[in-house]
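Working notes for the structure below.
The values are calculated or read from the model by the stated rules, or taken from the named source; none is laboratory data. In this text the structure is predicted, and so the values were computed from the model without any measurement. A quick note on method: Cβ atoms are made from the backbone with ideal geometry, for glycine too, and the neighbour counts reach across all protein chains shown.
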Amino acid sequence: MSLRLRNPLNLLRSHAIALDVGSGRTRITNPLSEVLLDEPTVIAIEHGTGAVIATGTEAKSYLGKAPERIQVIRPIQAGVITDFDSAKALLRAFFKHIFPDDGSRLKVCAVVSHGVTELEKRTFADCCKAAGAGKVELVDTPLAAAVGAGLDIRQPKGRLVLGIGAGLAEASVLCLSDVVHSESAHIGAELFHEAVAQHLAARYKVAIGENMAEQATLHLAWMERPEELRRMTLTGKYSGSGTPCALELTDNDLEGALDVPLRALEELVRKTMDQTPAELVADIADTGLTLYGGGAQVHGLDSALGRRLGLRTRVAPEPAMVAVLGAAAALRPDLDFRKLLIK
Ligand SMILES: Nc1ncnc2c1ncn2[C@@H]1O[C@H](COP(=O)(O)OP(=O)(O)OP(=O)(O)O)[C@@H](O)[C@H]1O
Ligand SMILES: [Mg+2]
């Protein structure tokens with residue numbers, strides 16, 4: 001019997017990657033923290049046949065526009081796989097995109113939300129394997145994010161971090177390379193987008209799509225008023241007549257739009273500190289609050305939240321990347337973060 005190999009050398013090859021599959025975006029780096037992929041966690045498949053039509057940025061551009069024969073799916077919601085087959089197909093396409101020469105062995109270190117169940121973590125690891133990974137290691141997102149943000153979590157000193165992703169906010173107190181307490185809630189950037197859309201619907205009787213609501217949140221929304229006036233053109237339709245509209249808006253038009261999510265974030269952090277031993281809370285008065293995740297970039301979120309909580313608050317540099325960068329650090333034996341991995 002002859003064994004036909006496409007490229008026998010691939011058998012000897014192995015790639016290690018750090019992976020963060022968020023509800024909004026998927027990010028992959030190599031162990032040296034070089035970004036290999038940063039794409040929306042969205043897949044478009046043909047109804048009935050299940051054939052993959054588009055992934056990532058292209059699939060996301062179909063949101064709200066696809067005809068019935070095309071299903072546009074976001075297979076991860078708030079840190080959990082909600083559609084296993086679509087998540088598998090999407091990860092398979094992403095792995096293939098970064099390493100087209102199939103046959104090589106893929107070792108994955110992936111971040112998972114601290115708050116998800118053991119079964120959900122296992123399902124996620126199984127999904128990575130079904131998509132082509134040979135070996136999968138997991139690390140808690142708050143620990144990975146803190147490492148990626150450059151916090152020294154090995155000391156006997158309490159650190160408070162708050163991640164605001166697309167679907168989930170997770171507030172965690174960390175000490176001695178572990179999560180002491182963590183609380184999560186569905187207060188991600190997508191909730192901000194919905195709040196902005198509802199605010200505009202109530203104020204101007206306009207209906208806008210998901211992508212436009214995200215753009216309005218990025219360019220106009222705020223939790224503390226910006227110094228310079230920002231403007232953008234908002235397109236959608238008038239709710240009553242259905243006719244198209246293009247409105248010239250400034251950030252004044254978004255006043256109060258994010259009050260409810262801001263209060264909910266404050267509540268989440270207070271609840272976390274309430275469940276944390278007093279010694280660690282005393283440390284946090286000194287170490288402050290570090291924000292990570294794309295949603296942390298909403299204008300003025302850090303200062304508004306910091307003022308309400310009475311804590312020095314800063315946004316991590318490259319806040320949406322820190323979790324995957326921490327996973328990349330955990331892949332490297334020379335950096336001594338292997339013990340962060342979930343056993
Ligand atoms: N400058 C910005 N201002 C406001 N929001 C932003 C900004 N940049 C990105 N975002 C929002 O951040 C979200 C993505 O954040 P992130 O990539 O951390 O989420 P995720 O990891 O995909 O989701 P999750 O961690 O909840 O599973 C998007 O919804 C995006 O709209
Ligand atoms: Mg995330």
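A few comments on the model shown:
- Qualifying residue in the range 299-309 (condition: in a loop (DSSP other than H, G, I, E, B) and under 25 Å from the mean Cα position of the chain (by Cα)): yes
- Residue satisfying condition, being within 25 Å of the chain's Cα centre (by Cα) and either surrounded by 19 or more Cβ atoms within 10 Å (Cβ to Cβ) or assigned by TED's automatic domain parsing to the domain that holds residue 198 (or both), within set 264, 246, 330: 330
- Any hit, the range 119-129, residues being at pLDDT below 95 and either of a type in the set (A, V, I, L, M, F, W, C) or in a loop (DSSP other than H, G, I, E, B) (or both): no
- Which listed residue is within 14 Å of ligand 1 (Cβ to nearest atom) and among the small types (Gly, Ala, Ser), from 188, 158: 188
- Count - residues of the range 38-61 that are away from ligand 1 (no atom under 13 Å from the Cβ), surrounded by 17 or more Cβ atoms within 10 Å (Cβ to Cβ) and either in contact (Cβ under 8 Å) with a residue 12 or more places away in the chain or of a type in the set (Ser, Thr, Tyr) (or both): 6
- Verdict on residue 88 being of a type in the set (D, E, K, R) and outside any helix (DSSP H, G or I): no
- Residue match in the range 127-149 (condition: surrounded by fewer than 23 Cβ atoms within 10 Å (Cβ to Cβ), within 16 Å of ligand 1 (Cβ to nearest atom) and charged (D, E, K, R)): no
- Residue check for residue 138: within 16 Å of ligand 2 (Cβ to nearest atom), part of a helix (DSSP H, G or I) and outside the structural domain of residue 169 (by TED's automatic domain parsing): no
- Candidate set from the range 246-275 (those that are touching a helix residue (DSSP H, G or I) at 6+ places or on another chain (Cβ under 8 Å) and outside any helix (DSSP H, G or I)); member that is nearest to residue 157 (Cα to Cα): 258
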